Structures are given as structure tokens and as C-alpha cells.
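Q: Structure below; questions to follow.
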Amino acid sequence: MKRRPRNNSYNDDRYNNYDREDDYEPKQGKPAVNKTPSWFNATTIAIIAGIFVLGIGVGIAFSAATPTNPTSVVTNLQIDQQAPNPEICIQNGASAISVNTRLYVTLNPFKVFVAQAAMEPACIIRRANWTVLEQRKLLTSDQVRDCRQKMNTFGYVGNLDNKDKVSIDCVYQSDNAKNLFLGGASTPTLGNDDQF
């Protein structure tokens with residue numbers, strides 16, 4: 001088609017490009033690129049990893065720097081460290097907590113009174129390791145025989161090096177004891193290591 005002359009009355013810019021055929025040709029060049037940013041580029045991953053590592057570090061710092069209250073027991077490691085003669089106790093038995101209390105019963109009128117319990121660090125010796133107590137001459141042959149006949153073991157409170165302040169008792173393991181902290185288990189499952 002022929003182009004219209006510029007000197008006619010329709011000589012404004014809207015008609016100048018009206019008849020061009022090159023406007024209808026497809027444009028050549030690069031294909032269209034998606035301009036939306038990626039959320040998982042290297043910088044973002046590095047920032048997220050840094051925040052994660054920083055969070056772990058802060059958590060460790062808080063748990064390590066938190067002072068433990070001396071009136072509360074947080075771990076069994078604290079019980080092990082406070083046991084009488086901790087090296088002997090851990091090698092030959094298990095650390096424990098001894099709870100001493102007194103009960104008073106009146107018959108007329110019938111009433112029960114309980115004294116406040118005293119808790120002390122203690123140790124339970126395995127049956128196979130009684131020789132630790134026998135070598136220190138803390139047990140008599142009668143005590144050993146009586147305790148062995150009842151299939152019991154010994155527990156003690158106090159330092160083994162001080163015969164006057166150590167208290168040794170023949171104790172038995174109650175298989176009826178229930179640990180309700182283990183998800184409400186009605187009966188404990190005992191392995192060979194749990195038997196003293």
C-alpha cells in the first residue's frame with residue numbers, strides 16, 4: 001500500500017504509523033525472562049543457615065549458663081556426685097536418695113501423724129559386690145547371712161571411711177514399685193541390670 005502524503009488534513013502523529021506494515025511483524029531478540037525473584041538463591045540459603053546456627057548457639061549458651069538451684073535435683077549426674085563415696089557407689093551399685101521419716105499412731109482416738117521427711121544421699125550395693133563392705137569390716141557375718149537369706153541387698157547412708165557416721169541397712173527391692181513418670185506404665189519392665 002501506498003503511504004498517504006503528509007500535506008493532507010490528517011497529518012497528525014496518530015495516522016503517521018497507521019499504514020506501516022513493519023508494526024505487524026513479530027519482534028526478534030531474546031525470549032522473555034521471568035523477572036520474579038527466587039526465594040531459594042544462595043544468599044537466602046546462607047542467611048537461613050546462619051540464623052539456624054546462631055539459634056543453636058544461643059540455646060546452648062542459655063542451657064549452659066542457667067544456674068541450677070541447689071535445692072532441686074535436675075539430673076541423675078547430680079545424684080551420682082552427691083552419693084556417699086561416689087567412686088565406690090557407682091562401681092559397685094547405684095546412687096540413691098534415702099528418705100527417713102517417722103510415723104506416730106495413737107490408738108484412742110485413732111490418728112496417724114507424720115514427721116517431716118529427711119532426704120539424704122545414699123547408695124545401694126549390688127549383691128555381688130558386698131565384699132566392699134565386708135573388707136572394711138562394716139558388716140558382721142550374721143548381717144550378711146540374714147540379708148542373703150531374704151534375697152535382699154545392702155544400702156548405706158554416710159561415708160564408709162567413718163564407721164561411727166555410716167548407717168548400713170538390709171534393704172529389699174520392691175518389684176511393685178511403679179514409675180508413673182514413664183508415661184503411666186502400670187508395671188515396670190526390669191532387665192538384668194535393674195536387679196540388685
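Q: Amide H of C123: which non-local residues (sequence gap of 5 or more, or other chain) have their own amide H closer than 5 Å, using H built in the peptide plane?
A: Counting only residues 5 or more places away or on other chains, the set is A96, Y156.
Q: Next question. Using mean Cβ contacts within 10 Å as the protection proxy, how do 85-92, 96-103, 56-63 order, highest first?
A: Most protected by this proxy first, the peptides run 85-92, 96-103, 56-63.
Q: Can you tell me which of 77-83, 144-150 comes out highest on packing, and rank the rest after it, using the mean Cβ neighbours within 10 Å?
A: Highest-to-lowest ranking by the protection proxy: 77-83, 144-150.
Q: Along the charge dipole of the stretch 82-149, pointing to its positive end and built from +1/-1 on Cβ of Lys, Arg, Asp and Glu, which listed residue (M119, G93, V105) has its Cα farthest out?
A: V105
Q: In whole Hz and in residue order, list the ³J(HN,Hα) couplings for the stretch 43-52 that follow from phi through the Karplus curve 6.51 cos²θ - 1.76 cosθ + 1.60, θ = phi - 60°; x for Gly and Pro.
A: Going residue by residue, I get 5, 5, 5, 5, 5, 5, 5, x, 5, 4 Hz, with x marking Gly and Pro.
Throughout, read-outs are computed from the coordinates displayed, never taken from laboratory work. Since the model is a prediction, treat every value here as computed from it, not as a measurement. Positions of Cβ are backbone-derived with ideal geometry, glycine not excepted, and every protein chain shown enters the neighbour counts.
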